[in-house]
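Right, one structure below, let's go through it.
The values are calculated or read from the model by the stated rules, or taken from the named source; none is laboratory data. Quantities reported herein were computed from a predicted structural model and do not represent experimental measurements. Cβ: placed from backbone, ideal geometry, glycine included. Neighbour counts: every protein chain shown. Note: accessible area is taken over every heavy atom of the protein model, side chains too, but ligands, DNA and RNA are not part of it. Shrake-Rupley method; radii C 1.70, N 1.55, O 1.52, S 1.80 Å.
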Amino acid sequence: TAMICLESCSQEKKSDNSESAQMVAITAAWEDSGEWVQKLTLSPSKIIRNTIWGQDFNSITDSLDLAETQPDEGKSYTLYFDESDLNFSDISYIPNEQNKLQEIVFDIFVESSEDVQPLIDQWKKYLDAKFGPSEAYGKSVLWTKNKNTRINLENVSTSKDPGIKNSFKAAN
């Protein structure tokens with residue numbers, strides 16, 4: 001019986017060490033992700049912006065100003081990265097029919113088309129560490145291996161409006 005207990009304790013310790021090492025890697029990737037990704041995500045904990053799927057929608061608070069345009073369902077806020085009004089993100093929180101958080105969408109606009117790919121690369125490096133390996137499909141990068149979250153990072157640039165759309169959605 002002592003051997004079984006020792007083996008069980010050893011397995012728990014390995015699992016704790018593995019989770020701890022994974023969190024260290026995620027935190028390091030977040031710290032390397034750059035100012036914009038950090039401002040958008042807020043921290044490497046929870047899913048994104050300190051929220052969790054299924055959270056009561058009315059409990060979601062954001063210190064940002066409401067966006068000029070609101071979605072049909074949910075709430076949208078605007079985060080400005082500088083004083084130019086050209087570098088900003090609208091962040092939309094979208095509930096399901098039970099009024100629980102189901103999706104968060106970042107519509108990120110940048111001043112110059114040269115800013116798009118470096119920002120995509122910063123997001124990709126961080127999200128690969130946090131949600132596992134991604135897969136590229138044309139202008140989109142997808143994360144589908146996580147049990148709880150599906151992510152679609154897409155270059156949605158036009159000639160006049162360079163930008164990125166990054167959507168996080170509950171898997172179930």
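Hey, can you tell me all the residues within region 112-124 that are more than 15 Å from E35 (Cβ to Cβ) and of a type in the set (D, E)?
Initially, region 112-124 is screened for residues more than 15 Å from E35 (Cβ to Cβ), giving 112-114, 116-117, 120, 124.
Hit for region 112-124 is E114, nothing else.
Across region 121-140, what is the number of residues that are closer than 18 Å to D107 by Cβ and over 13 Å from the mean Cα position of the chain (by Cα)?
The number of residues fulfilling the criteria is 2.
Cβ-Cβ distance below 8 Å, separation of 6 or more or different chains: which pairs start in region 72-90 with a residue that is over 17 Å from L42 (Cα atoms) and end on one that is open to solvent by less than 40 Å² (accessible area, probe 1.4 Å) and of a type in the set (F, W, Y)?
So the pair list comes out as G74/F57; G74/Y93; K75/Y93; N87/F81.
Need pairs with beta-carbon distance below 7 Å; first residue touching a residue at least 12 places away in the same chain (Cβ under 8 Å) and within region 30-56, second open to solvent by 50 Å² or more (accessible area, probe 1.4 Å) and aliphatic (A, V, I, L, M); sequence gap 6+ or separate chains.
As it stands, the answer is R49/L42, since those pairs meet every condition given.
Within region 82-103, track down each residue that is in a loop (DSSP other than H, G, I, E, B) and either in contact with a helix residue (DSSP H, G or I) (Cβ under 6 Å, 6 or more places away or on another chain) or β-branched (V, I, T) (or both).
N99
Out of the residues in region 98-109 meeting the condition of being in contact (Cβ under 8 Å) with a residue 60 or more places away in the chain and within 16 Å of T41 (Cβ to Cβ), tell me which one is surrounded by the most Cβ atoms within 10 Å (Cβ to Cβ).
Quick first cut of region 98-109, residues in contact (Cβ under 8 Å) with a residue 60 or more places away in the chain only: 101-106, 108.
Checking the rest, the ones that are also within 16 Å of T41 (Cβ to Cβ) come to 101, 103-106, 108.
Values: L101: 23, E103: 17, I104: 24, V105: 19, F106: 22, I108: 26.
Restricting to residues being in contact (Cβ under 8 Å) with a residue 60 or more places away in the chain and within 16 Å of T41 (Cβ to Cβ), the top hit is I108.
Which numbered condition in (1) at pLDDT 95 or above; (2) closer than 25 Å to F57 by Cβ; (3) open to solvent by less than 60 Å² (accessible area, probe 1.4 Å) is the only one that K165 fails?
Of (1) at pLDDT 95 or above; (2) closer than 25 Å to F57 by Cβ; (3) open to solvent by less than 60 Å² (accessible area, probe 1.4 Å), only one is false for K165: (3).
Within region 110-137, can you find the residues that are part of a strand (DSSP E or B), open to solvent by 70 Å² or more (accessible area, probe 1.4 Å) and either touching a Leu at 6+ places or on another chain (Cβ under 9 Å) or among the basic types (K, R) (or both)?
Restricting attention to region 110-137, the residues satisfying the condition of being part of a strand (DSSP E or B) are 135-137.
Imposing the further condition that a residue be open to solvent by 70 Å² or more (accessible area, probe 1.4 Å) reduces the set to 136-137.
Across region 110-137, the qualifying residue is only A136.
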